[in-house]
1. Run the numbers for ILE360 and ILE592: contour at 0.36 nm per residue of separation, minus the present Cα-Cα distance, in nm.
2. Under a plain spin-label model, where a point goes 7 Å from the Cα along Cα-to-Cβ, how far apart in nm are ALA185 and ALA426?
3. Nearest 5 is fine: what % of DSSP beta bridges in the chain come out antiparallel, could you say?
4. Please work out the ratio of the alpha-carbon Rg of region 368-472 to 2.2 N^0.38 Å and round it to two decimals.
5. Please compute the Cα-Cα pair-distance distribution of the chain with 10 Å bins starting at 0, giving whole percents from short to long.
6. Ignoring everything but the protein chains, give the 1.4 Å probe accessible area of CYS411 in square angstrom, nearest 10.
7. Among the aspartates and glutamates, which fall within straight-line cross-link reach of LYS298, defined as a Cα-Cα distance under 16 Å, with same-chain neighbours fewer than 8 residues apart omitted?
8. Convex hull over the alpha-carbon atoms of region 502-637: what's its volume per residue in Å³?
Amino acid sequence: MTLAIVLAAGPAAGLTTDGGERLVDRLAGQWRRAGADEVRVAADLSELADLVAAATGPVLVSGADLVAHTAVLKHLATSPVGPTVALVLTDPPAAGQATVREERGQVVAVNDREGATGVFGGALRVGPADLPALAAAARTAAGGGVDRLFADLAGCGTLTFAHRVRLLVAHRVGDAAELAAAQAAVAAVDEDKAELKLSVKERDDFFTTFFVSTWSPYVTKAAARIGLGPTAVTMISVAFAVAAAVLFGVGGRLALVAGGVLLYLGFVLDCVDGQLARYTRHFSAWGGWLDTMADRAKEYVVYAGLGYGATHAGFRYGWALAIAAMTLQTVRHMTDTWYGALHDEAARRPRAATGDAGGIGGKLNAASTKVQADTGSVSYWLKRTVVFPIGERWALMAVAAALFGPLVALCAVLVWGVLAFAYTGALRTLRARWMRVPVLTTVDTALHRDDGPLARTLPVVRAPLVLAVVGALGAAGLLLWALLAVHAGGDLPGWAVTFALVVLLSGAQGARAAHDGPLDWLVPAALRAGEYLFAIAVGVAGRVSPWLIFGYVFVLTLHHYDLTARLEKRQAAPPLHAATLGWEGRSALLTIGSIAGIASIALATLGTYLLVVFVASVVLAWVVLPARVRGGDRSPG
C-alpha cells in the first residue's frame with residue numbers, strides 16, 4: 001500500500017487556491033489521483049516520523065508549497081528509475097530550499113551551492129527499504145520542513161534518484177502572488193498532450209529520433225485507446241522480427257524488401273512498448289526484464305535469418321558471419337552493462353577535482369560531458385551514432401538486406417560493430433582508469449562472473465582481468481587452429497582442446513580474488529568471450545553443423561542477458577542459477593564431448609538442458625514464486 005503524506009508546515013500551509021481550496025487539501029487530492037492508497041496530512045516532522053514508522057509500502061512526501069500538474073506527482077510516484085526518487089526543479093532556489101547536484105540521474109550532493117544542478121522540488125518517493133532512514137531523518141530534523149528532511153535523508157547515505165520535470169509544470173510557492181502565477185502556468189499546458197510527448201525518451205539515438213519518434217506517439221496513443229499493454233506490443237514486435245528473419249532466409253528481392261519493412265516496423269513497435277509504458281505509467285520489473293530479453297532475442301533471430309539467407313544464396317560462411325555478429329554484439333553489451341555500473345558507482349563517489357583534470361581520462365570525461373550537453377549539435381549526433389546503437393543496427397540491417405542481400409547486411413553489421421567496439425573500448429578504458437572505481441566490489445562477483453562449482457575449488461590467483469583475458473586468448477587461438485585445420489582437410493590433435501581448456505580455466509583462478517582494479521569491470525565480458533569462442537572452436541573442430549553452434553551460443557546469450565538484465569533492474573539471481581553449471585563447468589563438459597568424438601551431441605544436449613533450465617527459471621521467478629508470495633500475504637496471521 002502506498003502512503004502519501006503532505007507536510008503542512010511553513011507559510012504555504014495557509015495558502016488557498018482561486019477556488020477557495022487550501023493548497024494542502026489540493027495536494028492531498030492530487031496524491032489520491034496520482035495513485036496513493038492513503039493520504040495523510042502531518043502537522044510537523046514528528047507526526048510524519050510516526051506515520052512513516054507504521055508504513056509498510058512506498059511513502060510519498062510533499063511539502064505544502066508545491067503547485068504542479070497531477071501528472072508530475074503521478075510520474076514521481078511511478079518512476080521506474082529506483083525505489084527512492086526526489087523531484088528536482090530548475091527554478092532558482094528560494095531561502096531555505098535545498099539545492100541538488102545530480103550525476104547520471106542520481107542525487108550525489110544536497111546543499112552544495114557551487115555545484116548545484118537544480119533545486120529540490122519539495123516532493124519525493126521513498127522505497128520501503130529506505131523508510132527507517134526517512135523516519136530517522138524526520139526525527140532528527142524535527143521542527144524543520146521538507147527541505148531539511150530531504151537533506152538529512154541524503155546525509156544518511158540513501159541512494160536517491162532525480163526526477164526532472166519536462167513539458168509539464170511544477171513550482172514551489174511562498175505567497176499568494178507566486179501561487180496565482182504557478183496556477184496560471186499549470187492551466188496553460190494541456191496535460192494529456194504533454195504526457196504523450198513525454199512518452200518519448202528525452203535523449204535517443206539519431207535514427208530513432210528522426211525516423212521513429214516523429215510518428216510513433218500516434219501508435220502509442222492508439223494502442224492505449226484499444227487497451228493494448230506494453231507486454232502485448234513487445235510480443236507483436238517479436239512476431240514482426242521473426243517474420244523479417246524468415247523473409248531474409250527465403251531470399252529474393254521481394255522477400256528481402258518486405259523483410260526490411262517488417263524489421264523497421266518491428267523496431268517502431270519496440271519503441272512503442274516503452275512509450276506506452278511511460279504514457280500509461282504501467283511499469284513492472286517483469287516488463288522491464290522482458291523488454292531487455294526480447295530486444296536481444298529479436299536481433300539474434302534476425303542474424304540467424306540473414307546467416308541462413310546468405311548460405312542459401314551460395315556463400316559458404318553465412319552462418320559463421322551470423323555467429324560472429326552475435327558473439328561480438330553480446331560481448332559489447334556485457335561491457336556496456338558493466339561500464340554503466342562503473343559510471344553509476346563513480347557518480348555516487350565523485351572524485352576530487354585536480355589541476356590537470358585527471359589526466360587524459362579526466363579530459364576525455366570532460367569532453368564527453370560537454371558534447372552530451374550540446375544537444376542537437378553535429379558532434380552530439382556523431383557521438384551517439386558512432387557507437388552503433390540498436391536503432392542504427394536495425395536500420396542498417398533492414399536497408400542493406402533489402403538493397404544488397406543478407407551477406408552485405410551481415411558484413412556491414414560486423415564492420416561497424418568492430419569499429420564501434422574499438423572506439424568505445426579504448427575511450428572507456430582511459431576514462432575508467434581515471435575514475436578508478438572498483439565496481440565489482442559492490443555486487444555479487446561470483447554471480448555476475450557466472451562462476452560454477454569448479455571455479456570455487458581452484459587456487460586463488462590475483463589479477464582476475466589478466467587471467468580472464470589469457471583464457472579468452474587461448475580460446476581464440478583454439479578457434480583459429482580449428483578453422484585452419486578444417487580448411488586444410490585435417491583434424492585438430494587430440495590434446496589441443498584439453499590444453500585450451502586448461503588455459504581457459506586460468507580465468508577461474510581469479511574468481512575469489514578481489515576485483516578492485518580500475519579495469520576489472522571488463523572481467524565478465526572477457527569470460528563471456530572466452531566461453532563463446534571455446535564453444536565455437538569445439539563445434540568447428542568437431543565439424544558440427546553451423547546452425548547448431550549458433551543455437552548453442554544463442555542459448556548462452558539468453559542466460560547471460562538474464563544476469564545483466566537482473567543487474568540493471570536490481571533483481572535477485574535467477575532461481576536455478578546453480579543448475580547452469582558455470583562457464584567453466586559447461587566448457588569442461590564440451591571438452592569431454594569433443595574428446596569422445598560426439599561434439600554435436602554434446603552441444604545439442606547441453607544447449608537443450610540450458611534452455612530448459614532457463615525457461616524453468618523464468619517461470620519460477622516471474623510466475624510461481626510471486627504467486628506464492630501473494631498467497632502468503634493473503635494467508636491469515
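The values are calculated or read from the model by the stated rules, or taken from the named source; none is laboratory data. Predicted model only: the values in this text are computed from it and were never measured. Here the Cβ is made from the backbone with ideal geometry for all residues, glycine too, and neighbour counts use every protein chain on show. Ligands, DNA and RNA are excluded from the accessible area calculation, which covers all protein heavy atoms including side chains. Shrake-Rupley method; radii C 1.70, N 1.55, O 1.52, S 1.80 Å.
1. Length difference between fully extended and current span is 78.8 nm.
2. Computed distance between label sites ALA185 and ALA426 equals 4.6 nm.
3. Percentage antiparallel, nearest 5: 60.
4. That works out to 1.49 for region 368-472.
5. Final binned percentages: 3, 14, 23, 25, 19, 10, 5, 1, 0, 0.
6. 50
7. Output for LYS298: ASP270, ASP273, GLU392, ASP562.
8. Taking the convex hull of the Cα positions in region 502-637, it is 139 Å³ per residue.
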